[in-house]
Amino acid sequence: MSPRGRWAVVCATVPLIWLGVPAVAASANGIVSPQAQGHADGDSATTSLKHVVVMAQEGHTFDNYLSGRPGAAGRPSGVCVPAAGRSGTPCVHPYPINGSPHAMLRATSATQRTSVNGGRMDGFVRAQAVHDADGRVAMGYYPTKQLPILNGLADRGVLFDHWFAAVPGGSIANDLFGVAARSPGDVSAVPSGGWTHTPLIFDRLQAARVTWRVYVEDYDPRTTIRTATSTQQRAEGQVARVPLLSTKRWLGQPLHGHVVPLARYYQDLAHGRLPQVAFVVTTRHTERPPQNPATGQSLVRGVVNALLGSSAWAGSAFFLTYTDPGGWYDHVPPVAAPGGAARGLRVPTVMISPFARAGTVDHTVVDSAGILKVIEQNWSLPPLTDRDADAPSLLSTLTFHAASRTPSLVGVASTESPTHQPDRSVLYAGYLLALLCGVAGVPATLWWARPRTRQESP
């Protein structure tokens, strides 16, 4: 091919890159679309539910976030938990928090045992009273007005007021349980060898040819269990929060196109390519103390509203759950799982769907195995363990013959537009290529690459 011919081929791709055609953009970023993986899209579901989106935050109890919800099992009046050490007061009442709690809370299994105190639920202050702290921070709670996004979701969908952390430990153990229905118990970091011989829901999805992706905030494909050499690296960030990145059999080509940056979520929605099962993982906009919850809630708003404004919404269910209680007070003793396995304290969980009745409070005793069961039932997958096999069916909360197709956005004023910002690096690359094409003698492509007025179309 002549040099001019080669330039013509390159220039032919400029308008596609500039316009954001998914197939070209995906190839340029080394990402394979669900269609390119050879999977069917949405035709294998047993119900009208075509997409399940799961987003997990961390570090809060139900009473800490949602104790004021009408109809829910919120904090009873008159609560006063015994103080600890030299506090000078006999007990500590719950008190409202505004913004960051400005304190780190412990959330280990030992801390929870002290807090629960055999079901008396009176050890929370004592459990946090370390390093000369009085522990009273554990009794703080956020009034409804401080959490408009979470409460807006509860208004629009199903609020589960007896949803417990799957295991009595921190986020790492519960993050693994959320995709495996099992956990080694309380761990402070991913083991140096990663999670070995642990079947994940992704193994089931892949075998059944159900499309799936994990969208990770600030995703760095270079950081996996193979490169995380320190304990701190295995205790924080994407290695800790994304069990796939700590499972060596999935690293390399098997992971290609399945774990992607969060920006890809918005692109997939915009182009009608949301996979059948999607997990959204935060690494920076979390809600773990001492982070101000507004930081994580702002990201939740963007993720939810992008789904609500997409063509995928008509057949979707979105779960927002919290992996662990974070050390905060809750008045309900943990209920053991079927078979006697211990659970952690209650955590906030809401589900919205066009098939769900808005404003419902569901009192079912459940944990994150319930989400796995929704996925397994909807796509006829075998359970991973007894925990998800014995979990209650949350599909019963959905009414498929009475869907609501016109959702309102969450936490967005009428003058706002929840649009996704394009990747500027792609735009700049398009402009550069267009300029080179003009120099090479293919000036017609410059017409494709230039910005257009609203009246024009290519």
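So the values come out like this:
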| item | result |
| --- | --- |
| All positions within the stretch 268-296 that are touching a residue at least 12 places away in the same chain (Cβ under 8 Å), surrounded by fewer than 22 Cβ atoms within 10 Å (Cβ to Cβ) and assigned to a helix (DSSP H, G or I) | ALA270, ALA294 |
| Candidates PRO191, PRO199 - the one that is over 21 Å from the mean Cα position of the chain (by Cα), part of a loop (DSSP other than H, G, I, E, B) and at negative phi | PRO191 |
| Residue satisfying condition, being assigned by TED's automatic domain parsing to the domain that holds TRP328 and among the basic types (Lys, Arg), within set ARG209, ARG136 | ARG209 |
| Set ALA84, ALA45, ALA56: member being in contact with a helix residue (DSSP H, G or I) (Cβ under 9 Å, 6 or more places away or on another chain), in contact (Cβ under 8 Å) with a residue 40 or more places away in the chain and part of a strand (DSSP E or B) | ALA56 |
| Inter-residue pairs, beta-carbon under 9 Å, first on the phi > 0 side of the Ramachandran plot and in the stretch 112-133, second part of a helix (DSSP H, G or I) and of a type in the set (Ser, Thr, Tyr), 6+ apart | MET121/SER115 |
| Answer from ALA73, ALA138 - the residue that is in a helix (DSSP H, G or I), in contact (Cβ under 8 Å) with a residue 40 or more places away in the chain and either in contact with a Gly (Cβ under 7 Å, 6 or more places away or on another chain) or among the hydrophobic types (A, V, I, L, M, F, W, C) (or both) | ALA138 |
| Residue within the stretch 206-217 that is surrounded by fewer than 23 Cβ atoms within 10 Å (Cβ to Cβ), within 18 Å of the chain's Cα centre (by Cα) and of a type in the set (A, V, I, L, M, F, W, C) present | yes |
| Number of the exception - THR114 against (1) over 18 Å from GLU58 (Cα atoms); (2) in a loop (DSSP other than H, G, I, E, B); (3) polar (S, T, N, Q) | (2) |
| Count of residues meeting criterion [part of a helix (DSSP H, G or I) and surrounded by fewer than 19 Cβ atoms within 10 Å (Cβ to Cβ)] in the stretch 303-325 | 2 |
| Which listed residue, of ALA342, ALA358, is more than 26 Å from VAL79 (Cβ to Cβ) and surrounded by fewer than 24 Cβ atoms within 10 Å (Cβ to Cβ) | ALA358 |
| Subset of the stretch 257-267 that is more than 24 Å from PRO148 (Cα to Cα) and assigned to a loop (DSSP other than H, G, I, E, B) - its residue that is modelled with the lowest pLDDT | GLY257 |
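The values are calculated or read from the model by the stated rules, or taken from the named source; none is laboratory data. Because the structure is predicted, anything quoted here is derived from the model rather than measured. Note that each Cβ is placed from the backbone with ideal geometry, even for glycine, and that neighbours are counted across all protein chains shown.
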